[in-house]
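Here the structure comes first, spelled out in structure tokens, and everything after it is commentary.
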Amino acid sequence: MIEESYPILKNRSFQIETVERILDSLDKKFIILDSPTGSGKTIMSLVIADFLWKKEDLITHIAVRTNEQIKRYLQDSLEKVKTLVKVFPNKRKTCPIFYKSNLSGEEIYCSDCMFRKATYPKERLFKRLRKVNYNFEKLAKIENKKMEKRNDKVRCIYHSFKKIESKIYVSTYPYVFNYYLFDLLSLEGEPDILIMDESHNLLTTLTNPLSLSFRVYLEKGFGKRKEENLLYKFLKEEIAAIGDLLNIPNEDIGIVLSEISNFSDELINFIENLLVKQFRTREINIIIERIKKEIGKKEVIIEREELLDIFDRYSKTFDELIFYWDSYKKTISKMTYKFPKKRWHLNKILKLYLSLKDPDLVWIANGFKIEGFITKFNVIIKSLMDYKNIILMSGSNFTKKDFVTLYKVPSEDVEYIKVDVKFGKKEFNIIPNFSSKYEKRKSKKNIQNLIDNIKFILNNLDGYQLYMFPSAGFMNLIFDQLSEEIKERIFLDDGTKPFNSILKTNKKAIFTYARSRFIEGVELVKDGSSLLKTVVIVGKPYPPPPTASILTNRILKDNKLDYWTFAEIMKDIQIKQVIGRAIRSQNDEVKIFFIDDRYKKSEVIKYFK
Ligand code: SF4
């Protein structure tokens, strides 16, 4: 029946069957779909959403991780499923004014903006989208350029999307989990169903909503105070610019700056003490080296109240700054030809201040970073409960048992659907002459064996190779011990470079680590096929044990889990994810190496079923 309405499903029997099974399971609160990469989850999601719209008048919210994925939904909705979607992308990336800033969606106010009503009609928007291959960020960039050239035909891409009439919303994850953004989306009509793409992220990306680095203030400014404090230097510059634009009297700005100078000293002092606690030295060069190699690096819990106290001591100044900052952004949006510079330190500090008020976040210092984590999984699940049904889709999904164990939802509320279809050709080998066990990991013989394995694979296999290490520190440690000739051939994931930039180099091997951005969902694809021909899984990608990680310890306690239950689930997700990087189409072929003496054939085989 369904294929008659959706010709795209013709001859795709497993997709028809899956869509029908999902539609038949809507009496369950949660539906988990485990379906391999390349099996058409985008098409299936759009068909389900369109069916529920046309037949039941229901609103479906499809939440994805990145703007890249939104583009795919946009393209497939128009070209394959022949339906319309209302897109809620990252506001900054579709806003001609703040396109180059580091503001997040909820920090951009449209109410006073002169472009709010300057939108493209639907057909013109689609025509332009097709021209740029659905890269709507490019459209925003073009509009941004028009502003710079003082062209008076600037259009707002964000609001052009919002004008499309559809009961299918496609957004990035924050629209599910951030109250402000969810309300914004609900103003268009409250969604009934949630389809969450790459839902394994419930256990990874989504548990870490905030990560702020203080490296830029400390690498060259450790121990510096007052006018020399680098945080203060940046803030001073920005506050002065705001004062200029808003015509705030110098005297008032002077008072704010004097308070912010004291605040910056207190905050930097606090963060420096966290570093000293982690590395037991005040020598910044030693700290930098140890962070790079993860030597002696350990997570330190930040007492939220203690950090919040620093901000609260200056709360009057911050109230004023928040007012100035909001007025500044509103003023900018009323003017045509001026927009803020790229990175705002003030924005970063205010974000930290506001996030510290969230009682659900646990704060951890990790090297130069201060990170907020949601350690109680029920907090995440609670954000989903307003939807009638939650369809969780992933190629690395939870099993029903794992989901019930982690999220403590009644088993009878969960339907589990596994798509039994094979994609691509996968061959695997287990190399047992190395162990990533914490106590053995750094032994000389162990490391030498691993290096020999890497050299062998590098020298004997063609195509791009992806190596996943159990941690960034261990990856750096091994990288440093390779010969210069081998190092030259490796593209090292330093946490900043985009994955695809390897294509601009002559390197063929990528070194990354478990739970990195590269593992979360990047592709190296040419003409629809994966360029990755080899995947090397170094060690078992378990999370660090509770004895080595305060965060793991906290997660286990907050969710009443034992380490091995949690670790096995995390490991399975990481392995399925890294294999999924190499299989993007039916014809892809990949060789996978599992390097660890703890891998058994009977265990590994489950990743290929
Ligand atoms: S251009 Fe104006 S209306 Fe459009 S997103 Fe930006 S601030 Fe909002």
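When you go through 219, 190 one by one, which is the residue that is farther than 30 Å from residue 377 by Cβ, away from the ligand (no atom under 16 Å from the Cβ) and not aromatic (Phe, Trp, Tyr)?
Testing whether each residue is farther than 30 Å from residue 377 by Cβ, away from the ligand (no atom under 16 Å from the Cβ) and not aromatic (Phe, Trp, Tyr) leaves just 219.
Which residue, of 262, 247, 285, 269, is on the phi > 0 side of the Ramachandran plot and assigned by TED's automatic domain parsing to the domain that holds residue 349?
247
Hey, among the residues in the range 317-337 that are among the charged types (D, E, K, R) and surrounded by 14 or more Cβ atoms within 10 Å (Cβ to Cβ), which one's nearest to residue 349 (Cα to Cα)?
320
Residue by residue through the range 500-530, note down the ones that are among the aromatic types (Phe, Trp, Tyr) and open to solvent by less than 10 Å² (accessible area, probe 1.4 Å).
Correct list: 511, 518.
Here are 429, 459: which of them is without any contact (Cβ under 8 Å) to a residue 12 or more places away in the chain and more than 30 Å from the chain's Cα centre (by Cα)?
Among 429, 459, only 459 is without any contact (Cβ under 8 Å) to a residue 12 or more places away in the chain and more than 30 Å from the chain's Cα centre (by Cα).
For the range 165-180, indicate whether the set of residues that are surrounded by fewer than 16 Cβ atoms within 10 Å (Cβ to Cβ) and farther than 20 Å from residue 385 by Cβ is non-empty.
Yes, the range 165-180 has at least one match.
Pick from 594, 566: which is out of contact with any Cys (no Cβ under 8 Å at 6 or more places or on another chain), closer than 19 Å to residue 424 by Cα, at pLDDT 95 or above and buried (at least 18 other Cβ atoms within 10 Å of the Cβ)?
594
From the set of residues in the range 144-155 that are within 12 Å of the ligand (Cβ to nearest atom) and either open to solvent by 40 Å² or more (accessible area, probe 1.4 Å) or more than 11 Å from residue 93 (Cα to Cα) (or both), which is modelled with the lowest pLDDT?
147
Would you confirm whether or not the range 380-398 contains a residue that is farther than 30 Å from residue 18 by Cβ and out of contact with any strand residue (DSSP E or B) (no Cβ under 7 Å at 6 or more places or on another chain)?
Within the range 380-398, not a single residue is farther than 30 Å from residue 18 by Cβ and out of contact with any strand residue (DSSP E or B) (no Cβ under 7 Å at 6 or more places or on another chain).
Have a look at 66, 60, 94 and point out the one that is surrounded by fewer than 20 Cβ atoms within 10 Å (Cβ to Cβ) and touching a residue at least 12 places away in the same chain (Cβ under 8 Å).
It is 66.
Got at least one residue in the range 124-139 being within 15 Å of the ligand (Cβ to nearest atom), out of contact with any Leu (no Cβ under 6 Å at 6 or more places or on another chain), open to solvent by 30 Å² or more (accessible area, probe 1.4 Å) and not assigned by TED's automatic domain parsing to the domain that holds residue 358?
yes
Take the conditions in a helix (DSSP H, G or I) and within 26 Å of residue 20 (Cα to Cα) and apply them to residue 457. Does it pass?
no
Residue 159 versus (1) away from the ligand (no atom under 11 Å from the Cβ); (2) farther than 16 Å from residue 66 by Cα; (3) not in a loop (DSSP other than H, G, I, E, B): which is the lone unmet condition?
Single failed check for residue 159: (1).
State which residue is nearest to the ligand (Cβ to nearest atom) when the search covers only the range 70-82 and only residues that are open to solvent by 10 Å² or more (accessible area, probe 1.4 Å) and of a type outside the set (A, V, I, L, M).
71
What number of residues in the range 434-452 are open to solvent by 60 Å² or more (accessible area, probe 1.4 Å) and of a type in the set (S, T, N, Q)?
The total comes to 1.
For residues in the range 93-120 being outside any loop (DSSP other than H, G, I, E, B) and under 21 Å from residue 186 (Cβ atoms), which is nearest to the ligand (Cβ to nearest atom)?
94
From 560, 576, 533, which residue is assigned by TED's automatic domain parsing to the domain that holds residue 491, open to solvent by 50 Å² or more (accessible area, probe 1.4 Å) and in a strand (DSSP E or B)?
None of the others qualify; the one that does is 533.
Within the range 361-382, track down each residue that is surrounded by fewer than 17 Cβ atoms within 10 Å (Cβ to Cβ) and among the polar types (S, T, N, Q).
378
The values are calculated or read from the model by the stated rules, or taken from the named source; none is laboratory data. As the structure is a computational prediction, the values presented were derived from the model and not from experiment. Note that each Cβ is placed from the backbone with ideal geometry, even for glycine, and that neighbours are counted across all protein chains shown. We work out accessible area using only protein heavy atoms, side chains counted, and drop any ligands, DNA or RNA first. Shrake-Rupley method; radii C 1.70, N 1.55, O 1.52, S 1.80 Å.
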